[in-house]
Amino acid sequence: MSTTYRQGTVAAVALPDVLPPLVRRGRTRTFLRRHPTIAAGGALIALMLAIAVFAPWLGTVDPTAIDPIHRLADPSARHWFGTDMLGRDVWSRTLYGARISLLVGFSVAFCAGAAGTLVGVAAGFIRVLDGVLMRIMDGLMSIPPILLAIALMALTRASVQNVIFAISVSEFPRVSRLVRGIVLSLREQPFVEAAVAAGTRLPRIILRHILPNTVAALLVQATYTCASAMITEAILSFIGAGTPPIIPSWGNIMAEGRALWEIKPYIVFFPAFFLSVTVLAVNLLGDGLRDALDPRLAKRL
C-alpha cells in the first residue's frame, strides 16, 4: 500500500510495494551473471525435465510399438530419428528414455545423500561407531562402483527400483566420508562447544548446528552423484544388467543399436547425445554451485 504525505503543494510518495520483488529479480540477475555455469546447467536440466514430462505431446508415438514394415528407416519427416531393427520410433524411445535416466539420477542422489548423511553424522559424533562404520565404508569404496552395482543387480531381478538401490549402495560411502569430515570439523567449533556446555541435547545440536552447515557440500556432492548415477545406469542397461529391455532407456537403446553401428549409427548417436548433454548440464550446475557456495571464492567475486 502506498502512502502520500502532503505539505503545501509538495507531495512525497512512498515507494510502492512492488519494489521488493524488483529488488529480488535484480539480485537474481546479478547472481546468474556472476555464475553463468549455474544458469547454463539449470537451463539444460530444465529443458531435459520438460522433455521427460511432456514427451507424450512432443510428436511421439508408443515407444514400444513394433512396425516391421518400416524397420531401420533413416531419419525423415515421419520418423525424426529413424527407426530401429524392430521398427520402433527412435525419437519416441529417446524422449521417453529421459524419464528413466532423470528418475535414476535424482533418486540415487537423494537416497545416497540421505544414507550418507546418516552414516556420516553417526560416525562423526559417536566415537565407538566411527571405526566400525568407516571400515565398512572403506571396504565398499575399494570396489569399483560399476562392479559393485553389477554384483548387486546379479542378486536381484532387473527393474528400475533395483537399479536405483544398487547404484545408491555404490555411491553413498563417498557421501558418508564427506559428511563425517564436515562433522569432525564442526564438532570443535566454539558455537557447538557452547551448545554442549549449555546442556543442549545431541539431537538438537545436530539439527540446529550440524546439518545446516552440511547443506552446501551435500548439494554439490548430489550433483556429481546424480551425473555418475545416470552414467552407471546407462552402462548397466548397455551390458544387459540394468533396466528390462522392454523399458526404453538410453542405455537399452544404445545396446540394441550397437550391432548396427556401422550402417545405422543414428540409433546409438541420438540417445548418447542426450545422455552427454544431461550429464554435462548436471556437472555444470555442480561446478557453479561449488563456486557460489565456497566462501573463499565468493570473496573474490
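Go through segment 187-213 and report how many residues are in contact (Cβ under 8 Å) with a residue 40 or more places away in the chain and under 20 Å from Gly113 (Cβ atoms). Before the answer, list the steps.
Kept after step one, since they are in contact (Cβ under 8 Å) with a residue 40 or more places away in the chain, are these residues of segment 187-213: 187, 202, 206, 210-211.
Add one more test, that the residue is under 20 Å from Gly113 (Cβ atoms), and what stays is 206, 210-211.
Counting residues in segment 187-213 that are in contact (Cβ under 8 Å) with a residue 40 or more places away in the chain and under 20 Å from Gly113 (Cβ atoms) gives 3.
Take segment 264-278 and flag every residue that is in contact (Cβ under 8 Å) with a residue 40 or more places away in the chain and not in a helix (DSSP H, G or I).
Going through segment 264-278, the residues in contact (Cβ under 8 Å) with a residue 40 or more places away in the chain turn out to be 264, 266-267, 270-271, 274-275, 277-278.
The one that is in contact (Cβ under 8 Å) with a residue 40 or more places away in the chain and not in a helix (DSSP H, G or I): Lys264.
Looking only at segment 67-84, count every residue that is under 20 Å from Ala234 (Cβ atoms) and either in contact with a Gly (Cβ under 8 Å, 6 or more places away or on another chain) or basic (Lys, Arg) (or both) and tell me the total.
Selection size over segment 67-84: 1.
Among the residues of segment 81-119, which ones are surrounded by fewer than 17 Cβ atoms within 10 Å (Cβ to Cβ) and within 23 Å of Phe269 (Cβ to Cβ)?
Met85, Leu86, Gly87 - these are the residues of segment 81-119 that are surrounded by fewer than 17 Cβ atoms within 10 Å (Cβ to Cβ) and within 23 Å of Phe269 (Cβ to Cβ).
Can you confirm whether Ala73 is at pLDDT below 90, assigned to a loop (DSSP other than H, G, I, E, B), aliphatic (A, V, I, L, M) and surrounded by 15 or more Cβ atoms within 10 Å (Cβ to Cβ)? Step through it out loud before you land on a result.
Numbers: at pLDDT below 90: yes; assigned to a loop (DSSP other than H, G, I, E, B): yes; aliphatic (A, V, I, L, M): yes; surrounded by 15 or more Cβ atoms within 10 Å (Cβ to Cβ): yes.
When the stated conditions are applied, Ala73 passes them.
Which residue pairs have Cβ atoms closer than 6 Å, lie 6 or more positions apart in sequence or on different chains, and pair a first residue in segment 122-141 that is free of Cβ contacts under 8 Å to residues at least 24 places away in the same chain with a second residue that is surrounded by fewer than 17 Cβ atoms within 10 Å (Cβ to Cβ)?
Listed by first residue and then by second, the contacts come to Ala122/Leu129.
For segment 50-70, how many residues meet the condition of being surrounded by fewer than 13 Cβ atoms within 10 Å (Cβ to Cβ) and of a type in the set (Gly, Ala, Ser)?
Residues that pass the stated criteria total 3.
Looking at segment 159-255, what helices (runs of 4 or more DSSP H) fall wholly within it and have at least 1 residues that are among the polar types (S, T, N, Q), at pLDDT 90 or above and buried (at least 16 other Cβ atoms within 10 Å of the Cβ)?
Working: elements: 160-186, 190-197, 202-205, 215-238.
Hits in segment 159-255: 160-186, 215-238.
Quick check on segment 121-139. Is at least one of its residues surrounded by 14 or more Cβ atoms within 10 Å (Cβ to Cβ), charged (D, E, K, R) and within 30 Å of Ile263 (Cα to Cα)?
no
The values are calculated or read from the model by the stated rules, or taken from the named source; none is laboratory data. Predicted model, so just to flag it, every value in this text is computed and none were measured. A quick note on method: Cβ atoms are made from the backbone with ideal geometry, for glycine too, and the neighbour counts reach across all protein chains shown.
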